[in-house]
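As structure tokens, the structure follows; a few thoughts come after it.
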Amino acid sequence: MGIDLGQAIKINRLKSNMTQSELASGIISVSYLSKIENGTAEPPKEVIELLGEKLQINLLDSEELITAQTIIRWFHLLLQSNVDESIRLYNRIKNNLSSVIDKKMLSLIEIHKLYYNVLISDMEEAEKLIFSLQKSSKRFTETEMYYYFKFVGNYHYEKLEYKRALDNYQQAEKYTKSDLFHQSEEIHHLYYLISSAASKSRQPHLSLIYSIKALEYYQSNYDLKKCAECHILMGISYQRVKDSQNAKKSYNYAINIADKLGNIELLKLCYQNIGSLSSEAKEHTDAIIFYLKSYELRKEDIIPRRIVPVSSLMKEYYKLGDIINAKLWLELGLDLIKALPPTKSVHIYEFKVFQYLINGTTGTNTSFDIFMLHEVLPFLERKQLFYEKAFYLKHLALYYRDNRKYKLSSYYFEEAYQTLEAMSDI
Amino acid sequence: MKKALLAFFLITFLFLTGGLISTASMTLNQYDVLVLNDEEPDPWS
């Protein structure tokens, strides 16, 4: 195995008879140089270049610089979902892959590449990797199995296939006793992912158990942002098991942290979820206020995020019988989803369904039932979004009822019931 | 007589179907608020 960057700097500094303060002078602090030499700090490219110039060597092109330590650092950046830094380090690793002698590391790099592609939204490449990794998975060690299942789970989560994501995370959980990098952080991150996927698959009890486990770890490590995210997940779960008091408490904890950190992303989520909680308590005015707050903070966001409060506001006004305002938010929603492929968000179908409910038309030549049967329901079935499927089945049943097709109506009501019933068996 | 019997069955059928549908609709309505309004944090944020 080659020597690492810190060692290379130290050896060349000593060769040039330089002290740490002489080399660091005018570039970085002595303590930072010391950290680099000890391998506890990863300096940016510019610093490496300047140190190399002073030592009269090219530190950047040296093929010997990729070591297990560099690779483990990349794994850690991925664990923290640090996109920019993980791209930078991956490019370094990729260009010097031939210097990695450790076969075990090569296999782990390949497995981590799966999540790397999910993180940079290259889903096509991620899919190809799953296919090739699947072939060699029989020879995987327990450590490799852990990462493989976790990252396959991440791939499915990103594709809105939450039930499949959850299944894979639970598979990964079986290997948490194997040797993992950053063991404790890694395991609790998996718990957090299990909680998220369970929440998305409408399994509030499971989500609650795992978010509490993750929260304990993040609290003891003072990771406030993650603590707030766990509180939000707990709030959603409490709300779904009809414990609105604890739900409110959890959201308030999250808001306090978001305020302290000045974290807008967390605030958006808090407002959105408190809006949902108020809506459930039939406090419609409060619900609208919170949804509006959530909307105001998202004006510069990407469309899939912007349409969440737009959809909630449309539905809230519709529920109140305020068709003028419902129409206003519907139009905005329909405008926003124009440039969005249907696979990007479940809200896209929601606007089309409400277009029918509010305007009495689907906006195309297709009738409402054909649109539901040919597009919406197969999409939800593919993604295993059963809760949402029950919701749309109900609207299809109501459509048939309004058109006096009672036999079809009762058939789809039964389907909706059965879908919900099957979910409670999960 | 036949007509009266037919009308009776038709009314009973409509009554039962209508009742069934409106009960199902009301029960399912309570789930609506939880559909797609709450939002989990992005796990890779």
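The numbers here are math on the coordinates, done by the rules we state, and not lab data. Only a predicted model underlies this, so the values are computations on that prediction, with no experimental measurement involved. Glycine also receives a Cβ, built like all others from the backbone with ideal geometry; neighbour counts cover every protein chain displayed.
Helix A:5-15 against the longest principal axis of chain A: what's the angle in degrees, Cα atoms only, rounded to the nearest 10?
Long axis of A:5-15 versus the principal axis of chain A: about 20 degrees.
At what distance in nm do the modelled label points of A:GLN69 and A:PHE131 sit from each other, each positioned 7 Å from its Cα along Cα→Cβ?
Once both label points are built, they end up 4.0 nm from each other.
Any chance you could give the angle, 0 to 90 degrees and rounded to 10, that helix A:406-424 forms with the longest Cα principal axis of chain A?
Its long axis makes an angle of about 30 degrees.
Could you go through segment A:76-84 in sequence order and give the Karplus-derived ³J(HN,Hα) for each residue, using 6.51 cos²θ - 1.76 cosθ + 1.60 with θ = phi - 60°, rounded to whole Hz, and x for Gly and Pro?
Karplus values, whole Hz, x for Gly and Pro: 5, 4, 5, 4, 8, 6, 7, 4, 4.
Taking a threshold of 28 Å on the Cα-Cα distance, which of the pairs A:LYS103/A:LYS383; A:LYS248/A:LYS293; A:LYS45/A:LYS138; A:LYS225/A:LYS319; A:LYS177/A:LYS248 fall above it?
The pairs that break the limit, which is 28 Å between Cα atoms, are A:LYS103/A:LYS383; A:LYS45/A:LYS138; A:LYS225/A:LYS319; A:LYS177/A:LYS248.
With an 8 Å cut-off on Cα pairs and a minimum separation of 6 or more residues, tell me the relative contact order of segment A:140-292 in percent.
14 percent
Sort the following peptides by mean Cβ neighbour count (other Cβ atoms within 10 Å, averaged over residues), highest first: A:168-181, A:345-358.
Highest mean packing first, the order is A:345-358, A:168-181.
Let a ≥ b ≥ c be the square roots of the eigenvalues of the Cα gyration tensor of segment A:235-323; is it rounded (a/c under 1.5), or, if not, prolate (a/b larger than b/c) or oblate?
Because a/c hits 1.5 or more and a/b fails to exceed b/c, segment A:235-323 counts as oblate.
Find how many whole Å separate the alpha carbon centroid of segment A:394-425 from the alpha carbon centroid of segment A:206-245.
Value for the Cα centre distance between the two parts: 34 Å.
Taking chain A as the reference, fit the longest principal axis to its C-alpha atoms, fit the long axis of helix A:284-296 to the helix C-alpha atoms, and give the angle between the two in degrees, 0 to 90, nearest 10.
With rounding to tens, the tilt is 40 degrees.
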